[in-house]
1. Can you list the HN-Hα couplings for region 14-25, worked out from phi with the Karplus curve (6.51, -1.76, 1.60; θ = phi - 60°), rounded to whole Hz and with x for Gly and Pro?
2. Gap in Å between the Cα centre of region 220-278 and the Cα centre of region 8-66?
3. Can you order the peptides 371-383, 235-247, 273-285, 29-41 by their average number of other Cβ atoms within 10 Å per residue, highest first?
4. Using R₀ = 22 Å, calculate the FRET efficiency as 1/(1 + (r/R₀)^6) where r is the Cβ-Cβ separation of Ala17 and Ala107; round to 0.05.
5. Non-local amide H neighbours of Arg20 (under 5 Å, H modeled in plane, Pro and chain starts lacking H): which ones?
6. Classify region 206-402 as rounded, prolate or oblate, taking a ≥ b ≥ c as the square roots of the eigenvalues of its Cα gyration tensor: rounded when a/c is under 1.5, otherwise prolate if a/b is larger than b/c and oblate if not.
7. Which ³J(HN,Hα) values, rounded to whole Hz and listed in residue order, are derived for region 89-103 from phi using the Karplus coefficients 6.51, -1.76 and 1.60 in 6.51 cos²θ - 1.76 cosθ + 1.60 with θ = phi - 60°, glycine and proline given as x?
8. Which of the three applies to region 1-85, rounded, prolate or oblate, going by the alpha-carbon gyration tensor with a ≥ b ≥ c and a/c under 1.5 meaning rounded?
Amino acid sequence: MSGLLVGEVVRSAAGAAPHRPAVVFGGRVLTFAALDAAADRAAGHLAACGVRRGDRVVWPSAGAPVESLQVYAGAARAGAVLVPLGPDAWSARVVRAAAPRLVLTDAGRAAEGARFAAAARARHAVLADGDAPAPRAASPDTTDRNDTTGRTDRTDRTGRTDSASRPERPERTWDPAEKDPHLVLFAGPCRPHGVVLSHRASVLRAHCGGRPEVPGALVCGFPAGHWGLWTAVLRQWQARGTVVLPEAPGPGAICAAVREHRATRLVCPPEVWWQVLDTAPHHLATLRSADTETAAGAAPPRLIEAIRTATPAARVRAFLSTPEAGDVAALDHADVRARPGSCGVPAPGVAVRVAGGELWVRGPLLFDGYLRDKEATDAVLRDGWFRTGRAARLDGDGHLHLTDR
């Protein structure tokens with residue numbers, strides 16, 4: 001791999017296991033070789049729409065899960081910054097806040113996408129057949145953009161590009177560097193800031209050495225738009241594993257996916273785990289790894305016991321994670337019963353401290369800052385430490401406890 005680049009994770013997996021399924025969604029199966037080719041096509045066609053290295057591309061991630069992963073890999077390879085918006089964040093206000101060069105949608109959201117793009121003074125394109133975005137409208141000539149440090153640059157948007165004249169693979173001069181931003185996460189319409197992640201932070205968050213995985217298929221139980229989805233997918237791809245996407249929202253589809261694909265791994269936030277356990281816990285017998293991940297605090301001991309009962313052969317783990325910091329702490333299988341109420345010990349490579357009763361986090365997994373908001377960024381990033389705003393304490397064995405909830 002040439003640097004810690006998201007697009008290279010897919011290329012490396014395609015070279016090592018080209019015929020292994022990378023994504024399964026209902027009857028659709030995309031091998032790593034096919035995903036790699038789709039990423040190249042998406043990157044080339046984003047360039048045909050006028051997207052250049054560092055430009056932001058908004059994409060509504062609900063309703064087209066396979067296409068979402070193709071756009072994710074393709075945008076990263078082209079050096080673009082993807083802004084995936086779940087159903088709660090897909091709005092004209094959030095699109096304007098993202099200040100994109102391009103709003104990319106599927107055909108079903110074309111009308112909304114064109115309207116939101118016009119409000120944001122951006123171009124709009126539809127992801128056409130063959131995964132090629134087709135330009136729909138030109139934007140105004142120029143726009144002012146602010147990066148996370150508050151600097152302003154002007155982006156020329158006057159040129160139109162003929163997609164037939166562009167290469168399928170993006171030009172080498174547009175290849176990203178690992179420190180470049182590649183993802184902006186908005187949690188919803190009420191979250192005021194977009195969390196900016198670099199290639200390096202995303203790849204390190206997904207590094208299998210930090211969270212060793214059992215072989216087999218992963219069913220991803222994060223709802224569309226949840227920030228944990230992207231790390232879970234990239235982690236599985238780094239392990240050359242298959243991601244199974246439930247065919248519909250809800251616990252029934254998750255249980256069906258585990259059963260039909262004999263999945264060995266399931267990762268969900270706590271609220272989804274409760275729904276899964278109430279729906280069809282007998283379908284979880286094949287699991288060998290059961291993870292819960294939340295930013296709210298320690299996983300409820302009653303939930304941990306319910307997961308252990310439903311998945312007797314599985315390694316059960318609970319993670320404290322945030323969009324800004326990635327995995328902060330992990331409560332591993334051996335401690336989930338012995339340490340009720342604990343968030344676990346700091347994740348590998350992560351330093352934590354409690355300053356004035358507040359949890360601070362430092363390490364290579366941190367975000368770059370809040371999109372176009374230097375004041376908010378400076379308020380939470382101090383000398384390499386992220387101030388979480390959460391009250392916490394560390395016990396004598398180094399286990400982290402949140403005390404504000």
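FYI, it's all coordinate maths here, none of it is from the lab. Nothing here was measured: the structure is a model prediction, and the numbers come from that model. Because the Cβ atoms are built from the backbone with ideal geometry, glycine has one as well, and the counts that use them run over all protein chains shown.
1. Going residue by residue, I get 5, x, 7, 9, x, 9, 7, x, 9, 9, 10, 9 Hz, with x marking Gly and Pro.
2. When both Cα centres are located, 19 Å separates them.
3. Per-residue mean Cβ counts within 10 Å order the peptides as 235-247, 29-41, 273-285, 371-383.
4. 0.10
5. The answer is Phe32, Ala33.
6. Since a/c reaches 1.5 and a/b is larger than b/c, the shape of region 206-402 is classed as prolate.
7. Computed from phi, the couplings for region 89-103 are 9, 6, 8, 4, 5, 6, 4, 4, 5, 6, 6, x, 7, 9, 9 Hz.
8. Cα axes put region 1-85 in the oblate bin.
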